[in-house]
Amino acid sequence: MSVRILALVGSLRAGSHNRQLAEAAAKLAPEGAEVVLFEGLADVPFYNEDIDVEGAVPAAAAALREAAQGADAFLLFSPEYNGTMPAVLKNAIDWLSRPFGAGAFGGKPVAVIGTAFGQYGGVWAQDDTRKSVGIAGGKVIEDIKLSIPGSMTRFAETHPVDDAEVAAQLTEVVARLHGTAAEITAA
Ligand SMILES: Cc1cc2nc3c(=O)[nH]c(=O)nc-3n(C[C@H](O)[C@H](O)[C@H](O)COP(=O)(O)O)c2cc1C
């Protein structure tokens, strides 16, 4: 059985380098794992308990929950916006954290990586994402870390999949996440 890893990307722009990292991760996934990029985050409304009503959840949020329910593991990609994760990623985490105690992260393994322009590669954003997704019910693999600095220059001409160092790092990230998810699903 293939391990399904859902990728959530915290940047909506078409040329996002974090999106490119997710595309590269999908290409580099080992046999027995598939990385599926969730495409609908731009349409998910801001989390609001008044609209999170059983049977009437907005379609885009319901689609996110359904994709997450079908996943065995999560790979989150965060750039850094003003020292933390972008709102789009936090919003996705909030939707997936409810119903309280029964959210779709449900103890499944989660790894957080990303790239940002600053010299630390968005490490604050990725650390904040780990904290939040852990509180939301994910089993965060704390020691999977990859924060790539200088996003706009490093990937200006080169897609991450064609950057040998980054491709090797991504391959290891996906392999470790796959290994953890496979152990859990086999148990
Ligand atoms: C609103 C905003 C805030 C930003 N704040 C930071 C920041 O705090 N630290 C940082 O390293 N880069 C920051 N940047 C630059 C982003 O890291 C850079 O644009 C990154 O490539 C965005 O990711 P993307 O290519 O996936 O869209 C910011 C960019 C924007 C648009």
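The values are calculated or read from the model by the stated rules, or taken from the named source; none is laboratory data. Given the structure is predicted, the values throughout are model-derived calculations rather than measurements. Note: ideal-geometry Cβ built from the backbone for every residue, glycine included; neighbour counts use all protein chains shown.
Determine which single condition A92 fails, assuming it passes every other condition in (1) surrounded by 24 or more Cβ atoms within 10 Å (Cβ to Cβ); (2) within 16 Å of the ligand (Cβ to nearest atom); (3) under 27 Å from D163 (Cα atoms).
(3)
If you take the residues in the stretch 13-46 that are more than 16 Å from the ligand (Cβ to nearest atom) and part of a strand (DSSP E or B), which one is farthest from the chain's Cα centre (by Cα)? Let's see the steps before the verdict.
Let us first name the residues in the stretch 13-46 that are more than 16 Å from the ligand (Cβ to nearest atom), namely 27-36, 40, 43-46.
Still in the running and part of a strand (DSSP E or B): 33-36.
Working: A33: 15, E34: 14, V35: 10, V36: 10 Å.
For the stretch 13-46, the residue satisfying everything is A33.
Name the one entry in A102, A111, A116 that is of a type in the set (A, V, I, L, M), away from the ligand (no atom under 14 Å from the Cβ) and either surrounded by 18 or more Cβ atoms within 10 Å (Cβ to Cβ) or modelled with pLDDT of 95 or more (or both). Give the derivation first.
Numbers: A102 fails: either surrounded by 18 or more Cβ atoms within 10 Å (Cβ to Cβ) or modelled with pLDDT of 95 or more (or both); A116 fails: away from the ligand (no atom under 14 Å from the Cβ).
It is A111.
Where residues in the stretch 1-12 are over 13 Å from T115 (Cβ atoms) and not in a strand (DSSP E or B), which of them is nearest to the ligand (Cβ to nearest atom)? Lay out the reasoning, then the answer.
Applying the first criterion (over 13 Å from T115 (Cβ atoms)) to the stretch 1-12 yields 1-8, 12.
The next check asks that each one be not in a strand (DSSP E or B); those that pass are 1-2, 12.
On the way: M1: 32, S2: 27, L12: 8 Å.
Within the stretch 1-12, the match that is nearest to the ligand (Cβ to nearest atom) is L12.
I need a count of the residues in the stretch 121-142 that are within 16 Å of the ligand (Cβ to nearest atom), assigned to a helix (DSSP H, G or I) and small (G, A, S).
Start the filter on the stretch 121-142 by keeping residues that are within 16 Å of the ligand (Cβ to nearest atom), which leaves 121-129.
From what's left, assigned to a helix (DSSP H, G or I): 123-129.
Within this subset, residues satisfying the condition of being small (G, A, S) are 125.
Of the residues in the stretch 121-142, 1 are within 16 Å of the ligand (Cβ to nearest atom), assigned to a helix (DSSP H, G or I) and small (G, A, S).
Just name the residue that is surrounded by the fewest Cβ atoms within 10 Å (Cβ to Cβ) out of those in the stretch 143-153 that are part of a helix (DSSP H, G or I) and not small (G, A, S).
Let us first name the residues in the stretch 143-153 that are part of a helix (DSSP H, G or I), namely 151-153.
Those still in the list that are not small (G, A, S) too: 152-153.
Values: M152: 11, T153: 9.
Going through the qualifying residues, I end up with T153.
Need the failing condition index for I51 against (1) surrounded by fewer than 18 Cβ atoms within 10 Å (Cβ to Cβ); (2) outside any loop (DSSP other than H, G, I, E, B); (3) β-branched (V, I, T), just the number.
Every listed condition holds for I51 apart from (2).
So if I check each of A68, A56, which one is at pLDDT 95 or above, more than 16 Å from the ligand (Cβ to nearest atom) and part of a helix (DSSP H, G or I)?
Checking each option against the conditions leaves just A68.
Can you go through R4, R19 and tell me which one is surrounded by fewer than 22 Cβ atoms within 10 Å (Cβ to Cβ) and closer than 21 Å to D128 by Cα? Even if it seems obvious, please write down each step before you answer.
Numbers: R4 fails: closer than 21 Å to D128 by Cα.
Of R4, R19, the one residue that is surrounded by fewer than 22 Cβ atoms within 10 Å (Cβ to Cβ) and closer than 21 Å to D128 by Cα is R19.
Exactly one of (1) within 11 Å of the ligand (Cβ to nearest atom); (2) assigned to a loop (DSSP other than H, G, I, E, B); (3) in contact (Cβ under 8 Å) with a residue 24 or more places away in the chain is unmet by A156. Its number?
Condition (3) is where A156 drops out.
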